[in-house]
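Inspection log for the structure reproduced underneath, given as structure tokens.
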């Protein structure tokens, strides 16, 4: 016969025999209702109250707490912190101590936020934020905010890129990142991350805008990488234009870019973006790196 009650520790020990970490959360009276009915009721509530989406995302992954932060503030993603781009101006930050978030949870929470934006009239939501761009050769791409589930496709894009392309972006050819590093460049940092997606769904470009240094700063650094097969079509310039637009939108007073002195093509591209750049050597990285800064007022 089944026991009338099971202690939490006994349940954890029993489930742990499967060889996986276990997260046990307290139940409630709503657990007695049919699961599908609960899901549909919750979906209906979110359609009526889209502002509750961050809390719903936290509940979905059993987070300990959640906050909605300005895009330039708060913690970057880590094992215990899930940072999701909700809108260009605000990120949802979830915390869960002791049990690290896994990739499928990040994907589910991100999908929930996008779903609410898609079916409700949430202003400036990610469901309506992005651009369809036509490149010089007529090819169409979509530039949008990055999502947690983009990490593998972003890693694949770097693998398809040449060593020279990777070196021009990161000043090192290495792309053997730890999972947390890949998670951050795919949208888990303060600021914003954009991806360019082709008609097959492949990510072919990545752009980042983020504070120049930790803490409050008026300057935003922008950077972009486009895989080799998509270079020379105008994609890098389109992404840089949108990154500067996001930097203005997020309240930065100044934008900066760090470029290899030998990468004269990127320097010329930046100079065509309609901002007044000041060029000089970077005091920390030396004469091999050109530091370009421009006011955004």
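Length gain on complete extension for the stretch residue 199 to residue 73, per 0.36 nm per residue less the alpha carbon to alpha carbon distance?
Numbers: separation 126, 0.36 × 126 = 45.36 nm, distance 3.36 nm.
Additional length available on full extension: 42.0 nm.
Which length gain, in nm to one decimal place, applies between residue 131 and residue 264 when the Cα-Cα distance is subtracted from 0.36 nm times their residue separation? Display every interim value, and only then the final one.
Values: separation 133, 0.36 × 133 = 47.88 nm, distance 2.76 nm.
Taking 0.36 nm per residue and subtracting the Cα distance, the gain is 45.1 nm.
Using the Cβ-Cβ distance between residue 275 and residue 89 with R0 set to 25 Å, the FRET efficiency from 1/(1 + (r/R0)^6) comes to roughly 0.75.
Using the Cβ-Cβ distance between residue 282 and residue 149 with R0 set to 41 Å, the FRET efficiency works out to roughly 0.75.
Work out the FRET efficiency for residue 99 and residue 289 from their Cβ-Cβ distance, taking R0 = 45 Å, and round it to the nearest 0.05.
Numbers: r = 41 Å, r/R0 = 0.91.
Plugging the Cβ-Cβ distance into 1/(1 + (r/R0)^6) gives 0.65.
With the simple model of a label 7 Å out from the Cα in the direction of the Cβ, residue 229 to residue 80 spans 4.2 nm.
So between residue 156 and residue 55, what do we pick up on full extension, going 0.36 nm a residue minus the alpha carbon distance? Kindly include the intermediate steps, with their values, before the conclusion.
Details: separation 101, 0.36 × 101 = 36.36 nm, distance 3.24 nm.
Length gained, residue 156 through residue 55: 33.1 nm.
Could you list 239, 157 so that the one with the fewest beta carbons within 10 Å of its beta carbon is first and the one with the most is last?
Values: 239 26, 157 22.
Neighbour counts put them in this order, fewest first: 157, 239.
Bear in mind that the values in this text are calculations on the coordinates, not laboratory data. What you see is a predicted model; the values in this text were computed from it and never measured. Quick reminder, even Gly has a Cβ in these numbers, built from the backbone with ideal geometry, and neighbours come from all protein chains shown.
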